[in-house]
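Worksheet: the structure to be examined is printed underneath.
The values are calculated or read from the model by the stated rules, or taken from the named source; none is laboratory data. Small disclaimer: the values here were computed from a predicted structure and weren't measured. Here the Cβ positions follow ideal geometry from the backbone for every residue, glycine too, while neighbour counts run over all protein chains shown. When the accessible area is computed, the model is the full protein with side chains, heavy atoms only, and any ligands, DNA or RNA have been set aside. Shrake-Rupley method; radii C 1.70, N 1.55, O 1.52, S 1.80 Å.
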Amino acid sequence: MSGLLLRLAGPLQSWGERSAFTAVRDTAPFPTRSALLGMFAAAEGIGRDQALPDNYHDLRLTVRVDRPGIRLVDYHTAGGGFPKDRTAATSGGSNKGAAVITRRHYLADAVFVVAVTAPEETVEHLAAALSRPHWAPYLGRRACVPDEPFLLRRHVTDPEEELRTRVPLSRTAPRTQAGDGQDTDTITVEFLTEQPPTTDEAEEPVPVNVIDVNDVPVSFARQGRSHTGRRLHRTQVPVPRSLAGPSHALMQRLIDYAHLEDSA
């Protein structure tokens, strides 16, 4: 098993938790499995009405929350002020005859780094597709364009260990004062894992918040979207303080980290 690393950052992200089109388009506080598998399928040129490849079921996804972002709600209208035949279409083949009003939720200024763990052949295939995607990736909605670097590393031996020890953090380290009892060598970062965290016997157990989410895609078909559930483990993990740094140096640190692959 090996893997690749994605950095999901941009002005806005939106990871919808419900497949139905409702007046309120919510967002999960982290990238969903459905959205990530959909992103991979789009990069490979797999359409909505096609079944996902069997090897997608074996992908293990781990999310590091560098910045959770700020929730933003957009009051959105479409199709107002037009004759009925120019307003939004209905599923029955007619037109609504009025504006469609929705409230769309986004995460502003959020940053997530995703470790994708899979068999070697699958990793190579996904990395090639994400490097030259058939359909461009986006952060939950088409209007949410990802920043660079997006594909942070095409291949790493242990992507989850990279998240814990080497991938630069998109945040500055909090200030500490001598004698305040805090560990000055590490900072705590939120992780979301699909498997329970493991610790050495000498280490203290990491507190785990177990959450159930309904984001495993069964079908992306326009007229029959469906999902099933999975269990996530939310933990606060200490990582080296050296991974954080001043915001003005972040892009250079990310470029330097990405180029380690080229020089290896």
Practice prompt. Go through LEU250, PRO238, HIS227 and say which Cα lies farthest out towards the positive end of the charge dipole of region 220-264; charges sit on Cβ, +1 for Lys and Arg, -1 for Asp and Glu.
Written response: HIS227
Fill in: Heavy-atom accessible area per residue - the chain, 1.4 Å, Å²
55 Å²
Discussion item. Rounded to whole Å, give me the distance from the Cα center of region 87-149 to that of region 23-50.
Written reply: 6 Å
Worksheet item: Which is farthest toward the positive dipole end of the chain among GLY3, PHE40, GLY97, measuring Cα position about the Cα centre, with Cβ charges +1 (Lys, Arg) and -1 (Asp, Glu)?
Response: GLY97
Item to complete: Quick one: net charge around VAL114, please, counting Lys, Arg +1 and Asp, Glu -1 for every other residue with C-beta under 10 Å from its C-beta.
Response: +2
Worksheet item: When the Karplus curve 6.51 cos²θ - 1.76 cosθ + 1.60 is applied with θ = phi - 60°, which whole-Hz ³J(HN,Hα) does each residue of region 209-217 get, with x for Gly and Pro?
Response: 10, 8, 10, 9, 10, 10, 9, 8, x
Worksheet item: Over the chain, what is the relative contact order in whole percent, taking alpha-carbon pairs under 8 Å and six or more residues apart?
Response: 27 percent
Worksheet item: How high is the relative contact order of region 214-264, given as a whole-number percent (alpha carbon pairs under 8 Å, six or more residues apart)?
Response: 21 percent
Response to the item:
Once VAL210 and ASN95 are pulled to full extension, the length gained, defined as 0.36 nm per residue separation minus their Cα-Cα distance, is 37.0 nm
Worksheet item: Could the peptides 149-157, 219-227, 61-69 be put in order, highest first, of the mean number of other beta-carbon atoms found within 10 Å of their residues?
Response: 61-69, 149-157, 219-227
Worksheet item: Counting Lys and Arg as +1 and Asp and Glu as -1, what is the net charge of the other residues whose Cβ lies under 15 Å from the Cβ of HIS76?
Response: +4
Worksheet item: Shape of region 62-135 from its Cα gyration tensor (a ≥ b ≥ c, root eigenvalues): rounded if a/c is under 1.5, otherwise prolate when a/b > b/c, or oblate?
Response: oblate
Item to complete: Pull up all non-local amide H partners of ALA98: gap of 5 or more, or a different chain, and H-to-H distance under 5 Å with H placed in the peptide plane.
Response: ALA88
Worksheet, complete the sentence: Candidates for percent of Cα pairs over 31 Å apart are (i) 44; (ii) 31; (iii) 16, and the calculated one carries label (ii)
Worksheet item: If you line up the Cα atoms of region 1-148 on their principal axes, what length do they span on each, largest first, in Å?
Response: 56, 34, 23
Practice prompt. Name all residues of region 85-106 having a backbone nitrogen under 17 Å from the label point set 7 Å from the Cα of ASP74 along its Cα→Cβ direction, giving them as ranges.
Written response: 100-106
Worksheet item: Cα gyration tensor of region 90-132, axes a ≥ b ≥ c as square roots of the eigenvalues: rounded (a/c below 1.5), prolate (a/b > b/c) or oblate?
Response: oblate
Worksheet item: To the nearest 10 degrees, how steep is helix 120-131 against the longest Cα principal axis of the chain, on a 0 to 90 scale?
Response: 60 degrees
Worksheet entry | Simple label model, 7 Å out from Cα along Cβ direction - THR184 to SER131, nm | 4.4 nm
Practice prompt. Over region 51-146, with every protein chain in place, what whole percent of the accessible area is carbon and sulfur at 1.4 Å, could you tell me?
Written response: 51 percent
